[in-house]
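Colleague: To start, I am sharing the structure in question, which I have written as structure tokens.
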Amino acid sequence: MNDSIMSLLDKYHLIAAFAVIGLTMFISHWMSRHLTANRLHGSAIAILIGLALAYFGGIYTGGSHGLADVSLFTGLGLMGGGMLRDLAIIATAYGVRFSEIKKAGVRGLIALFAGVLVSFLAGAVVAVGFGYTSAVDITTIAAGAVTYIVGPVTGATLGASSEVVALSIAAGLVKSILTMIATPLVARMIGLDNPRSAMIFGGLIGTTSGVAAGLAATDARLVPYGAMTATFYTGLGILLAPTVLFLGVRMFF
């Protein structure tokens, strides 16, 4: 029986990838529920487990793609690649209506632009602080600070190196994890208890996975509102980072 399962997974790599992700999510949510009383959302734990598996997979194989370098798990490379990433972006965007953002009013629009610009500026400052002087590198890393989706999209558009794109993804993942953890802790202090504030919060923070997971741990009823404006945030970042913001960075570097 075990040999048959292993043979099936080795033949159908994408099925194996879904099995690994499904098992990881099951374990993550179990740990969230029983070990942290849902204070640390399962998505945050899943990301940490994924990073750990990628690290040890890279050490074990001596490769550069984590577990995807193991023949049994090569489907992870496809599942985590650009094709499904872009499909997820488009699918999420199709579920949102621009007219809905009007419910957050002018504050929501201000939150969107302020969130993108502040995150981008913070990422650019960090990139310069670590010695990066190329406008392409600075823009890519700064875009990663916007979200870990905007980073690689911007890097691919501008022709950034794979190392810089990886740094941009890392920056976005750190932001996402911090958002997941911090949201339920600060929700009461910032008045995050109604749909309007959730929409403004999603537009200001932007990382859809972090906002959705953080709101789920705070009040699940707020998730659709925060995720909606966070989706607009991602789209706005993808529009601005490789164009307007890149041109702004290039004026100084």
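The values are calculated or read from the model by the stated rules, or taken from the named source; none is laboratory data. For clarity, every value in this text was computed on a predicted model and none was experimentally measured. So basically every Cβ, Gly included, is an ideal-geometry build from the backbone, and we count neighbours across all protein chains shown. Calculation scope for accessible area: heavy atoms of the full protein, side chains included, ligands and nucleic acids excluded. Shrake-Rupley method; radii C 1.70, N 1.55, O 1.52, S 1.80 Å.
Colleague: Scanning for something in a helix (DSSP H, G or I), farther than 28 Å from Y225 by Cα, at pLDDT 85 or above and within 20 Å of the chain's Cα centre (by Cα), does region 75-87 turn up at least one residue?
Modeller: There is no residue in region 75-87 that is in a helix (DSSP H, G or I), farther than 28 Å from Y225 by Cα, at pLDDT 85 or above and within 20 Å of the chain's Cα centre (by Cα).
To keep it simple, each residue is scored yes or no on (1) of a type in the set (D, E, K, R); (2) within 19 Å of T234 (Cα to Cα); (3) at pLDDT 95 or above.
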{"residue": "T133", "(1), (2), (3)": "no, no, no"}
{"residue": "T139", "(1), (2), (3)": "no, yes, yes"}
{"residue": "Y148", "(1), (2), (3)": "no, yes, no"}
{"residue": "A156", "(1), (2), (3)": "no, yes, no"}
{"residue": "S162", "(1), (2), (3)": "no, no, no"}
{"residue": "V165", "(1), (2), (3)": "no, yes, no"}
{"residue": "S168", "(1), (2), (3)": "no, yes, no"}
{"residue": "L173", "(1), (2), (3)": "no, yes, no"}
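Colleague: Name every residue in region 197-222 that is of a type in the set (A, V, I, L, M, F, W, C) and modelled with pLDDT under 85, in order of residue number.
Modeller: A212, A213, A216, A217, A220
Colleague: Inside region 175-195, can you point out the residues that are modelled with pLDDT of 85 or more, exposed (fewer than 15 other Cβ atoms within 10 Å of the Cβ) and either closer than 21 Å to T36 by Cβ or charged (D, E, K, R) (or both)?
Modeller: The answer is A182, V186, R188, M189, D193.
Colleague: Taking A54 and the conditions (1) modelled with pLDDT of 65 or more; (2) outside any helix (DSSP H, G or I); (3) out of contact with any Ser or Thr (no Cβ under 6 Å at 6 or more places or on another chain); (4) not basic (K, R), which numbered condition does it fall short on, given that it satisfies the others?
Modeller: (2)
Colleague: Of the numbered conditions (1) open to solvent by less than 70 Å² (accessible area, probe 1.4 Å); (2) more than 28 Å from I238 (Cα to Cα); (3) modelled with pLDDT under 80; (4) of a type in the set (A, V, I, L, M), I15 fails exactly one; give the number of that condition.
Modeller: With respect to (1) open to solvent by less than 70 Å² (accessible area, probe 1.4 Å); (2) more than 28 Å from I238 (Cα to Cα); (3) modelled with pLDDT under 80; (4) of a type in the set (A, V, I, L, M), I15 is out only on (1).
Colleague: Which condition from (1) surrounded by fewer than 23 Cβ atoms within 10 Å (Cβ to Cβ); (2) in contact with a helix residue (DSSP H, G or I) (Cβ under 6 Å, 6 or more places away or on another chain) is the one that F201 breaks?
Modeller: (1)
Colleague: Restricting to region 110-145, what's the tally of residues that are aliphatic (A, V, I, L, M), surrounded by 17 or more Cβ atoms within 10 Å (Cβ to Cβ) and either in contact with a helix residue (DSSP H, G or I) (Cβ under 6 Å, 6 or more places away or on another chain) or farther than 17 Å from F253 by Cβ (or both)?
Modeller: 12
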